[in-house]
Every structure is written in C-alpha cells, then in structure tokens.
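A.B. asks: Before I ask anything, here is the structure I am working with.
The values are calculated or read from the model by the stated rules, or taken from the named source; none is laboratory data. Remember, it's a predicted structure, so these values are computed and weren't measured experimentally. Backbone-built Cβ (ideal geometry, glycine too); neighbour counts: all protein chains shown. When the accessible area is computed, the model is the full protein with side chains, heavy atoms only, and any ligands, DNA or RNA have been set aside. Shrake-Rupley method; radii C 1.70, N 1.55, O 1.52, S 1.80 Å.
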Amino acid sequence: MALRTSRGQVGRPLLGVAVFVGALVIWEVWARHAGSFLVPPASEVLDRAWHIWPTRDFLADVAASLSRLAVGFAIGAGVGIAIGLLMGSSLATRRALDPLVELARATPPIAIVPALIVVLGVGQGMQIAVIAFGVCFPVLVNTVEGVRAVSPEARDTASMLHVGRTERVYRIYFPAALPSIVAGLRIAVSIGLVLVVVSEFVGTGDGLGSYIWALRGQFLYPEMYAAILFLGLLGYTLNRLFLVAERRLLAWHYGAAGDSAR
C-alpha cells in the first residue's frame, strides 16, 4: 500500500508534465501545418522566450506588474475581510449592506475601467483600483460565509460570558473563518493577475500588459506569445506558493480535518 501511494505521488507531477509537453507538440504541429504568421510554432515561441525572459527590460515590466498586484491585492483583501467580518457577525449590517455588495459584485471589474479612467486617469492609481475592486468580492463573500458557519454553541457561549462584539470578532469569528478566508484569497490571486494585465492594456507606463499590447501593435507575435506563456507560468507559480503558505498557516485545520495531502 505504501509503495502504491509513493508511486501515485510521483506519477501525478509526471502526468502533468506529460500533458503540458503534449500540448506543446500539438501546438507545434498545428502551427506548422497552418503556416500562419499569426500563430507561430511553439519552438519559435520558446526560442524567443529564452532570449527575452532574462532581459532587464522584461524583468522590469514583471516587477512593475507584481508591485501593482501586491498593492491592489492587499487593499482589496483588507477591505473584503473587514466588511465580511462585519456582515457575518451582524445580521443588521448584513441586511443593510447586502444589496449594495451584491450589486457591486455583479459588476464586471473591466466595466468600471472607463469610470476609473475619468476619475483617476490612466496611471497607476486606476490600475490598482481595478485590481482591488476585483479582489475584494471573493474574499468578502468567503469571509461572510466563514463567519456565518460559526456554531450556535460558540455564539451562545460568548453571549453567556459577556464577550464584547470586537473581542468576538478577533477571538472567535476571525479564527473560525480563516480557512474560508484563505480559500477566498487563493481565488483572488488569480483574479488579481488577470486584472493586472487588463488594467495595463488600457493604462500607460510599464508592466506585462503594456508590454504584450505593444508587441501586438508591432506584429511581433512570437515575442507576444512568449510573454503570454510567461504570464501563465507566473500564475501557476503564484498559486503554488500560495498553497505552500496556506498549508503552513492552516496546518492546524488540515490536521484536524485529516487532510494532509491537499
């Protein structure tokens, strides 16, 4: 049984690599058969990636995008957690804010870009605001649901002991909702990366979105696809790093749930 488990743990990453390589092979064969300059072969894209990715200018654009993602993510997640704790712990607050939150949550972040351009211009402020707006709502919703899942027994015990509302939030509600909050943060990372690129398409200055858009305008399609491939790998890396941090932060939760192989 242990040997079978060990083989399964080794086989899963190898299977993922095999599927990725297979996708590149299909891309290569299809692109060469189509013969269109709009979709270059995978080998040409990888060759351009090899020469572009280590350059100082490309890495500067990566750093600019990651800095915007970090700031927008921090703002959006902070607002989402704060409002989520309030709505989850107070029925009156939830009833008052729920219509507004649902309306804002149903609005695609890209739809507010024109309004933000009018208010904030096309600079970094607009880009960070778009990211924060999109990141906020998955975190907010998961926070509310995490707080609402606190058992009635825990709430009744806090009432019997005359625990204040503020103390309940950070001693009872926040720790209990933490697994749900972290799940929302993980979803928000991917959304944030998408919005970084979208906001840089219409903004000015540096960043991966501006870089890709400029390559499109210059018909440098192999370089453009190389940058897009880097974005995919960046998103995958951020997700894996988040999983590592999640396992460490919530080791007590997974241990209690018997879920060590997440």
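A.B. asks: Do any residues in the stretch 174-193 that are touching a residue at least 60 places away in the same chain (Cβ under 8 Å) have Cβ atoms under 8 Å from those of residues that are among the charged types (D, E, K, R) and open to solvent by less than 30 Å² (accessible area, probe 1.4 Å), where the two are at least six apart or on different chains, and which pairs are they?
C.D. replies: 182/246; 186/246
A.B. asks: Listed residues 96, 74, 63; which is open to solvent by 20 Å² or more (accessible area, probe 1.4 Å) and over 30 Å from residue 227 (Cβ atoms)?
C.D. replies: Criteria check complete, one pass: 96.
A.B. asks: For residue 122, state whether it is more than 16 Å from residue 190 (Cα to Cα), in contact with a Gly (Cβ under 6 Å, 6 or more places away or on another chain) and open to solvent by 50 Å² or more (accessible area, probe 1.4 Å). Spell out the reasoning first.
C.D. replies: On the way: more than 16 Å from residue 190 (Cα to Cα): yes; in contact with a Gly (Cβ under 6 Å, 6 or more places away or on another chain): yes; open to solvent by 50 Å² or more (accessible area, probe 1.4 Å): yes.
In short, yes.
A.B. asks: Of these, 45, 101, 71, which one is in a helix (DSSP H, G or I) and within 19 Å of the chain's Cα centre (by Cα)?
C.D. replies: On the way: 45 fails: within 19 Å of the chain's Cα centre (by Cα); 101 fails: within 19 Å of the chain's Cα centre (by Cα).
Among 45, 101, 71, only 71 is in a helix (DSSP H, G or I) and within 19 Å of the chain's Cα centre (by Cα).
A.B. asks: Give the stretch 212-231 a look and list any residue that's open to solvent by 50 Å² or more (accessible area, probe 1.4 Å) and not polar (S, T, N, Q), or say none.
C.D. replies: Across the stretch 212-231, the qualifying residues are 213, 216, 219, 220, 225, 228.
A.B. asks: Run residue 40 past the list (1) modelled with pLDDT of 95 or more; (2) touching a helix residue (DSSP H, G or I) at 6+ places or on another chain (Cβ under 8 Å) and report the number of the one that doesn't hold.
C.D. replies: (1)
A.B. asks: What number goes with the only condition from (1) open to solvent by less than 70 Å² (accessible area, probe 1.4 Å); (2) at pLDDT 85 or above; (3) more than 16 Å from the chain's Cα centre (by Cα); (4) of a type in the set (Gly, Ala, Ser) that residue 149 does not pass?
C.D. replies: (1)
A.B. asks: Also, I was wondering about something else. Filtering the stretch 77-93 down to residues that are open to solvent by less than 60 Å² (accessible area, probe 1.4 Å) and not small (Gly, Ala, Ser), which residue is nearest to residue 194 (Cα to Cα)?
C.D. replies: Out of the qualifying residues, it is 81.
A.B. asks: State the number of residues belonging to the stretch 14-42 that are part of a helix (DSSP H, G or I) and either of a type in the set (S, T, N, Q) or closer than 30 Å to residue 124 by Cβ (or both).
C.D. replies: 0
A.B. asks: On the given criteria, is residue 103 modelled with pLDDT of 90 or more and open to solvent by 60 Å² or more (accessible area, probe 1.4 Å)?
C.D. replies: yes
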